[in-house]
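Trainee: Encoded as structure tokens, here's the structure I'll be asking about.
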Amino acid sequence: MTAVITADGLTIRFGNFTAVDHVSFAIGKGELFGFLGPNGSGKTTIIKTLCGLLVPSEGTGTILGMDIRKHAPEIKRHVGYMSQKFGLYEDLTVSENMGFYAGVYGIRGEAATRRRKEILALTGLEPYLDRRVSALSGGWKQRLALGCAIIHSPEVVFLDEPTAGIDPVARRSLWDLFFELSGQGVTFFVTTHYMDEAERCGRVGYIYLSKLAALGTIPELQRLSEANPAGTSRVEIETAQASSMLGQLRGMKGVREATIFGRSIHALIETDQLEAVQRRFPEAKIQTIVPSLEDVFVTLTYQIMKAAR
Amino acid sequence: MKGLFYGLWPVCRKEFTHISRDPMTLFFALAIPLLQMLLLGYAVDTNIRQIPTVVRDESRTQESRQFVEKLAASDVFQISMIADSDDALYGAMRAGRARVGIKIPYDYARRLQNGTTATVLVLVDGSDSSLAGQAVNTSTGVAMQLSLQQLLGNGTMPVEVRPSVLYNPSTRSANFFVPGLIAVLLQMMVILMIALSLVRERERGTLEQLTMTPVAPLGLMVGKMIPYGVLAFGELCVILVIMRVVFQVPIHGNVFLLLAMALPFLLTVLGIGLMISTKARTQAEAFQLAMGTILPSVFLSGYIFLLETMPPFFRGVSRLIPTTYFIQILRGIILRGGGFTDLWPNAAVLTLMGCAAILIAARLFVKQRRA
């Protein structure tokens, strides 16, 4: 696997504040890489640095083998970028927006016509060509934004929270587009808040307090020793009174985490205390489970917070 | 070289589309300067005439009436009231019903006949300095004239001044103010339009998207300047027609030279607009910054106050204001019929200022992207 995007000890400081702290990863061709983390954890900063908009304070990175410190202008020609703000001109039509971005990437004449047809076929925007963007729904705007972001056939696409605030159906169909393109060999770097979106990604990185806290495929992350501390069990507790039980459970000795999941409770409990819990709630059905991605990140976050204190 | 301006034409074409999509904004942008020009052009008249004047004539003689008639004949004073007591005289001044009060004492005629000095009291409201100056000068002049007549009888005047006003013979205020107004109005319109257009892109996030594309800073800046430059140039032509037709200000020089020399000025104000747009985060901020450039260019550019009478410090400041140079060009060509050889230094300074402003704006823009 040749790495298309790499970061090597990437560090970015703004004055005294370290926005990104020694982050390293390598992403292969055609991969759909999910990047998770709370707001302000440094996700957008990393994207801007990899695109050559910010010069890293320390460390380095490459895109398609080009050094981000030296080849910023060249990198821009091979990289697509789409943010939750869309970057579309609301008062222009679909067709004019596509035409503008094609022009900006220097695509003209025959090539422009061909590429335009391809994008329309991919996004299904054909019927809306002459409609102003302001009259499109959120889902269609997103498809157009993606279409404009890939108008120059980039090998790498950065998506910064691309599905924030659109409905689940539009979200799913946008992800189908990502998969289709990724199947054609386009490498995706996607930041998101949604766990279900993260679970669709081949590999996931989790950034917290400017540091990369975890990196791997979903099963790898679920097996992480940090997410399954020795001497504890991850359990699902089925009970009729989940909400009233939660408070009592959290007060019990040996219960490290507990949270409601639908009609049951997910908890991380020290294994030797499991019996005590069962004794206290005799009607509850307790069974061991594999942690969900959310469980993994919550456990990791608690550990980092404890270490930071 | 081509890389330096990468993306210029797509940006330029897109900007024209934006303008055509929003005809109301375009209409107001073009109509408001015209409206302001009509208002200010008619309102501003610095020639002082027909000052309301109250007269208290204690003498009530042929001589005193002759003095009052002379004053009234000057066109500066308009005798609007006759006071029959000192209280009435001062009262009218205090209430602002009269700006000038004339009191002729009871012994006026007798003193004239005796050959002793006859005095006349002239009260002037000093709250408007140019009005006061004019009132004092004119009344002194009338007194001088009467004194000379008294001394010389019907003999001829030993010295006489024959003033001849060049370039604006009727000394119409419009001829002086309207050309300057053109510079101020154009500047306001251009700076606002281009700064708002860029800041709007920042607010909506399209600027962020553009920074991810290969568009060069200068490509973006110059691409935005062309459409607004074209609009401003069209507006200038309309303004010149209105000046000529409505305000009857004759253009003594070459109109085409004027239009050509307007280009460096447009370049400069467009560059200033761009500089503002790199600093302003919101459209409201851009609006305030743009308004901030208006005051100095009204008061320190020679538009209202003469450069020659400013303290040296402010004269220095006025040399840093682009409007100063364009007003010189406008007045030079329109009023004095000046040619290229008279005015090229102004155009040269503006060209330098314009290029500097654009380069600084591009530089600030790049810095911002590097955070």
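Trainee: Can you tell me the 0 to 90 degree angle between the C-alpha axis of helix B:8-21 and the longest principal axis of chain B, rounded to 10?
Mentor: Approximately 60 degrees, to the nearest ten.
Trainee: Using 30 Å as the Cα-Cα cut-off, could you pick out the over-long pairs in A:43/B:279; A:211/B:14; A:117/B:14; A:48/B:14; A:85/A:306?
Mentor: Correct reply: A:211/B:14; A:85/A:306.
Trainee: Can you put B:9, A:175 in order of Cβ neighbours within 10 angstrom, beginning with the fewest?
Mentor: Ordered from fewest to most neighbouring Cβ atoms within 10 Å, B:9, A:175 come out as B:9, A:175.
Trainee: Report, for the range A:3-216, the % of DSSP beta bridges that are antiparallel, rounded to 5.
Mentor: Counting DSSP beta bridges with both partners in the range A:3-216, the antiparallel share is about 50 percent.
Trainee: For labels at residue A:223 and residue A:70 in the simple 7 Å Cα→Cβ model, what's the distance in nm?
Mentor: 3.9
Trainee: If you don't mind, another one. Return B:173, B:277, B:164 ranked ascending by Cβ neighbour count within 10 Å, so the fewest neighbours appear first.
Mentor: B:164, B:173, B:277
Trainee: Something else about it: Would you mind checking the tilt of helix A:138-149 against the longest principal axis of the Cα atoms of chain A, expressed as 0 to 90 degrees and rounded to 10?
Mentor: It works out to around 60 degrees.
Trainee: Something else about it: To the nearest 500 deg cm²/dmol, what mean residue ellipticity at 222 nm is calculated for chain A from DSSP H runs of n ≥ 4 alone, each contributing -39,500 (n - 2.57), summed and divided by the residues?
Mentor: -11000 deg cm²/dmol
Trainee: Using packing as a proxy for protection, rank A:241-247, A:66-72, A:206-212 so that the peptide with the highest average count of other Cβ atoms within 10 Å comes first.
Mentor: Highest-to-lowest ranking by the protection proxy: A:206-212, A:66-72, A:241-247.
Trainee: Once the mean 1/r over all distinct Cα pairs of the range B:1-125 is inverted, what Kirkwood radius in angstroms do you read off?
Mentor: Over the range B:1-125, the inverse of the mean reciprocal pair distance is 19.6 Å.
Trainee: From other protein chains only, count the Cβ atoms within 10 Å of every residue's Cβ in B:209-222, then give the mean.
Mentor: If you average over the peptide's residues, the count of other-chain Cβ atoms is 5.
Trainee: If I take R0 = 25 Å and measure r between the Cβ atoms of residue B:285 and residue B:336 in this structure, what FRET efficiency does the formula 1/(1 + (r/R0)^6) give, to the nearest 0.05?
Mentor: For residue B:285 and residue B:336, the calculated efficiency is 0.05.
Trainee: Please sort by residue number the trypsin sites (Lys or Arg not before Pro) in the range B:60-121 whose DSSP state is loop and whose Cβ has at most 12 other Cβ atoms within 10 Å.
Mentor: Listed in order of number, the matching sites are B:60, B:97.
Trainee: Taking the Cβ of residue A:252 as the center, what net charge do the other residues with Cβ under 15 Å away carry, scoring Lys and Arg +1 and Asp and Glu -1?
Mentor: Once positives and negatives cancel, what remains is +1.
Trainee: Between B:226, B:321, B:82, find the one with the highest GNM mean-square fluctuation for chain B; connect C-alpha pairs within less than 10 Å.
Mentor: Result for chain B, Cα springs under 10 Å: B:82 fluctuates most.
Trainee: Right, next: Apply the Karplus parameterisation 6.51 cos²θ - 1.76 cosθ + 1.60, with θ equal to phi minus 60°, to every residue of the range A:264-279 and state each ³J(HN,Hα) to the nearest whole Hz, in sequence, with x for glycine and proline.
Mentor: Coupling constants for the range A:264-279: 10, 10, 9, 9, 10, 10, 4, 4, 6, 9, 4, 4, 4, 5, 4, 5 Hz.
Trainee: Using Cα-only point scatterers and the Debye equation, what is log10 of I(q)/I(0) for the protein assembly as shown at each q in 0.07, 0.11 Å⁻¹, rounded to two decimals?
Mentor: -0.69, -1.13
Trainee: Do any trypsin sites (Lys or Arg not before Pro) in the range B:277-326 lie in a loop, going by DSSP, with at most 16 other beta-carbon atoms within 10 Å of their beta carbon, and if so which?
Mentor: In loop regions of the range B:277-326 (DSSP not H, G, I, E or B), the sparsely surrounded trypsin sites (Lys or Arg not before Pro) are B:281, B:319.
Trainee: Right, something else. Once the piece of chain linking residue A:260 and residue A:272 is laid out straight, how much longer is it, given 0.36 nm per residue of separation minus the C-alpha distance between them?
Mentor: 2.1 nm
Trainee: Where Rh is the Kirkwood radius over the Cα pairs of the range B:51-152, the temperature 20 °C and the viscosity 1.002 mPa s, what D in µm²/s does Stokes-Einstein return?
Mentor: 156
Trainee: Here is a further query. How far is helix B:322-334 tilted off the main Cα axis of chain B, in degrees rounded to 10, range 0 to 90?
Mentor: Rounded to the nearest ten degrees, it is 60.
Trainee: Can you tally the net charge around residue A:220? Count Lys and Arg as +1, Asp and Glu as -1, for every other residue whose Cβ sits under 15 Å from the Cβ of residue A:220.
Mentor: With Lys, Arg at +1 and Asp, Glu at -1, the neighbours total -2.
Trainee: Taking the Cβ of residue A:172 as the centre, find all other residues whose Cβ is under 15 Å away and add up their charges (Lys, Arg: +1; Asp, Glu: -1).
Mentor: Local charge sum for residue A:172: -3.
Trainee: Given a Förster radius of 60 Å and the C-beta distance between residue A:126 and residue B:39 as r, what FRET efficiency does 1/(1 + (r/R0)^6) yield to the nearest 0.05?
Mentor: The value I calculate is 0.70.
Trainee: Report the antiparallel proportion of the DSSP beta bridges in chain B as a percent, rounded to a multiple of 5.
Mentor: 30
Trainee: Taking amide hydrogens as modeled 1.01 Å from N in the peptide plane, which residues meet the under 5 Å criterion relative to residue A:69, leaving out close sequence neighbours?
Mentor: A:61
Trainee: Across peptide A:52-60, what mean number of C-beta atoms from other chains lies inside 10 Å of a residue's C-beta?
Mentor: Average per residue, whole number: 2.
Trainee: Counting other C-beta atoms within 10 Å, which of A:2, A:60, A:192 has the fewest, and how do the rest follow?
Mentor: A:2, A:60, A:192
Trainee: Work out the mean other chain Cβ neighbour count within 10 Å for the residues of A:93-106 and drop it here as an integer.
Mentor: 4
Trainee: Using DSSP to call loops (not H, G, I, E or B), can you name the GluC sites (Glu not before Pro) in the range B:102-208 whose Cβ has at most 15 other Cβ atoms within 10 angstrom?
Mentor: B:160
Trainee: Given the -39500 (n - 2.57) contribution per DSSP H run of 4+ residues, what per-residue ellipticity at 222 nm results for chain B, rounded to the nearest 500 deg cm²/dmol?
Mentor: -22000 deg cm²/dmol
Trainee: Treat the range A:224-308 as a sphere of radius equal to its Kirkwood radius over Cα pairs and apply Stokes-Einstein at 37 °C in a medium of 0.692 mPa s; give the translational diffusion coefficient in µm²/s, rounded to a whole number.
Mentor: 252
Rule-based calculations on the coordinates, nothing more; no lab input. Everything numeric in this text was worked out from a predicted model, so none of it was measured. Heads up, the Cβs are rebuilt from the backbone with ideal geometry, glycines too, and the neighbour counts pull from every protein chain shown.
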